[in-house]
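Participant: Have a look at this one.
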Amino acid sequence: MTSKRMLITGGAGFIGSHLCDHFLSKGYAVVAMDNLITGEIANIEHLFKNDRFTFIKQDVTNFIHVAGPLDFVLHFASPASPVDYAHFPIPTLKVGALGTHKALGLAKEKGATFMLASTSEVYGDPEVNPQPESYWGHVNPIGPRGVYDEAKRFAEAMTMAYHRYHKMQVRIVRIFNTYGERMRREDGRAVPNFITQALRGKPITVYGNGSQTRSLCYVSDLVDGLDKLLHSNLNTPINIGNPHEVTIRQLAETIRRLTKSGSKIVSKPLPVDDPRQRRPDETVARTKLRWTPRVPLETGLKRTISYFKKTS
Ligand code: UDP
């Protein structure tokens, strides 16, 4: 157990709320901050009875102040699905850019270690597969995904500048596709869309011909990787993601089978700039953090399907 205290921005979101659970269970005091544009109180409702938990409803884009000491600042606030950042393009740019600046400023003031939730989207539509941390990416800055991709690229640049200039301890995690309980049914991503469609017997919408690939990491594996990274001394970006790569059509078929659904699989237009392939090169996480994802895709999907059934 520990007496350390941390701020988690985006603490009511999908990943943020799992981080709150995890670090509270390890004895940390946790302050969660969220403006609730895509986060949900339901994700953290069970934590309000814990006297080591505090919630502040606030937009991280504005000046933030948290009274008392902080050992860690984890900046996880941001819309994170293509549908969400299409709905909130300017808040997405602002939270990645201005919000990262505010969170870094607070971490500097408190002498805290700062962790940035970055993304595999910094690699854009990658020309190399798998993607190592050394790959600079292939991003369209002005396409519909640019608001997220470029905000996160700026956030990484800002975080490295604070590390180099202010000598701050920073951790940058490039998170690859993650799934699990507390994803929003309507967030538009493949996993919640396919599960919801399959459970309702509605057509499963595969965009394009479904040959594009993703590599899906179950949320508990991600949280384990984030904890290991936070407690490492690695100040440069690290990929955390499951290297098991599947096509989106395979994902749709797997979800249809696991839900025992009779839904048809139908084709819809491929969104602009949709990456054709994505798989983390997780060698650095494996060797330097001794991290390896443990939950196979079907196991994680079954748990996620049960969650969607319970909350439908
Ligand atoms: N996708 C799909 N049908 C859907 C939602 C998504 O075929 O109903 C595709 C999407 O075009 C992309 C992949 O699934 O190729 C993963 O999309 P998601 O939104 O989950 O995340 P991304 O990796 O694109 O950020």
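Participant: For the stretch 14-51, enumerate the residues that are out of contact with any Leu (no Cβ under 9 Å at 6 or more places or on another chain), small (Gly, Ala, Ser) and under 16 Å from residue 78 (Cβ atoms).
Facilitator: 39 - this is the single residue of the stretch 14-51 that is out of contact with any Leu (no Cβ under 9 Å at 6 or more places or on another chain), small (Gly, Ala, Ser) and under 16 Å from residue 78 (Cβ atoms).
Let's see how each residue does on (1) open to solvent by 50 Å² or more (accessible area, probe 1.4 Å); (2) touching an Asp or Glu at 6+ places or on another chain (Cβ under 8 Å); (3) closer than 19 Å to residue 39 by Cα:
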position: 59; (1), (2), (3): yes, no, yes
position: 66; (1), (2), (3): no, no, no
position: 70; (1), (2), (3): no, no, no
position: 75; (1), (2), (3): no, no, yes
position: 83; (1), (2), (3): yes, yes, yes
position: 101; (1), (2), (3): yes, no, no
position: 104; (1), (2), (3): no, no, no
position: 107; (1), (2), (3): no, no, no
position: 113; (1), (2), (3): no, yes, no
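Participant: Which of the residues belonging to the stretch 293-312 are assigned to a helix (DSSP H, G or I) and either of a type outside the set (Lys, Arg) or touching a helix residue (DSSP H, G or I) at 6+ places or on another chain (Cβ under 8 Å) (or both)?
Facilitator: Answer for the stretch 293-312, where residues must be assigned to a helix (DSSP H, G or I) and either of a type outside the set (Lys, Arg) or touching a helix residue (DSSP H, G or I) at 6+ places or on another chain (Cβ under 8 Å) (or both): 297, 298, 299, 300, 301, 302, 304, 305, 306, 307, 308, 309.
Table: residues versus (1) of a type in the set (D, E, K, R); (2) open to solvent by 60 Å² or more (accessible area, probe 1.4 Å); (3) at pLDDT below 95; (4) more than 19 Å from residue 118 (Cα to Cα).
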site: 196; (1), (2), (3), (4): no, no, no, yes
site: 206; (1), (2), (3), (4): no, no, no, yes
site: 213; (1), (2), (3), (4): no, no, no, yes
site: 228; (1), (2), (3), (4): yes, yes, no, no
site: 233; (1), (2), (3), (4): no, yes, no, no
site: 258; (1), (2), (3), (4): no, no, no, yes
site: 274; (1), (2), (3), (4): yes, no, no, no
site: 305; (1), (2), (3), (4): no, no, no, yes
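Participant: Right, next: Quick check: anything in the stretch 141-163 more than 18 Å from the chain's Cα centre (by Cα), over 25 Å from residue 246 (Cβ atoms) and in a loop (DSSP other than H, G, I, E, B)?
Facilitator: Yes, the stretch 141-163 has at least one match.
Participant: Now a separate question. Under 9 Å between Cβ atoms, which residue pairs at least 6 apart in sequence (or on different chains) link something in the stretch 268-286 that is among the basic types (Lys, Arg) with a partner that is more than 16 Å from the ligand (Cβ to nearest atom)?
Facilitator: Pairs that qualify, where the first residue is among the basic types (Lys, Arg) and the partner is more than 16 Å from the ligand (Cβ to nearest atom), are 286/292.
Participant: Now a separate question. Restricting to the stretch 256-291, give me the number of residues that are within 11 Å of the ligand (Cβ to nearest atom) and farther than 24 Å from residue 144 by Cβ.
Facilitator: Of the residues in the stretch 256-291, 1 are within 11 Å of the ligand (Cβ to nearest atom) and farther than 24 Å from residue 144 by Cβ.
Participant: Return the residues of the stretch 37-57 that are over 27 Å from residue 169 (Cβ atoms), open to solvent by 50 Å² or more (accessible area, probe 1.4 Å) and either touching a residue at least 60 places away in the same chain (Cβ under 8 Å) or not in a loop (DSSP other than H, G, I, E, B) (or both); say none if nothing qualifies.
Facilitator: Result: 40, 41, 42, 45, 46, 57.
Participant: Continuing with this model, one more query. Only one of (1) touching a Lys or Arg at 6+ places or on another chain (Cβ under 7 Å); (2) closer than 27 Å to residue 86 by Cβ fails for residue 221. Which number is that?
Facilitator: (2)
Participant: Also, I was wondering about something else. Let me confirm something: among 70, 74, 104, 93, which residue is more than 30 Å from residue 4 (Cα to Cα) and among the hydrophobic types (A, V, I, L, M, F, W, C)?
Facilitator: The unique qualifying residue is 93.
Participant: I need a count of the residues in the stretch 151-206 that are away from the ligand (no atom under 15 Å from the Cβ), among the hydroxyl-bearing types (Ser, Thr, Tyr) and touching a residue at least 40 places away in the same chain (Cβ under 8 Å).
Facilitator: 2
Participant: Then there's this: Report the residue count in the stretch 210-228 for those that are polar (S, T, N, Q) and more than 10 Å from the ligand (Cβ to nearest atom).
Facilitator: Number of matching residues: 1.
Participant: Something else about it: Considering only the stretch 159-202, how many residues are among the acidic types (Asp, Glu) and touching an Asp or Glu at 6+ places or on another chain (Cβ under 7 Å)?
Facilitator: Adding up the residues that qualify gives 1.
Participant: Also, quick follow-up: Check off (1) on the phi > 0 side of the Ramachandran plot; (2) open to solvent by less than 10 Å² (accessible area, probe 1.4 Å) for residue 155 and give me the number that stays unchecked.
Facilitator: Only one criterion is unmet by residue 155, namely (1).
Participant: Oh, and also: When the stretch 232-276 is examined, which residues are found to be more than 18 Å from the chain's Cα centre (by Cα), closer than 30 Å to residue 309 by Cα and assigned to a loop (DSSP other than H, G, I, E, B)?
Facilitator: 259, 260, 261, 262, 263, 264, 269, 270, 271
The values are calculated or read from the model by the stated rules, or taken from the named source; none is laboratory data. Note that this is a predicted model, so its numbers are computed, not measured. Ideal geometry is used to build each Cβ from the backbone, glycine not excepted, and the neighbour counts take in all protein chains shown. Quick note on the areas: whole protein, heavy atoms, side chains included, nothing else; ligands and nucleic acids left out. Shrake-Rupley method; radii C 1.70, N 1.55, O 1.52, S 1.80 Å.
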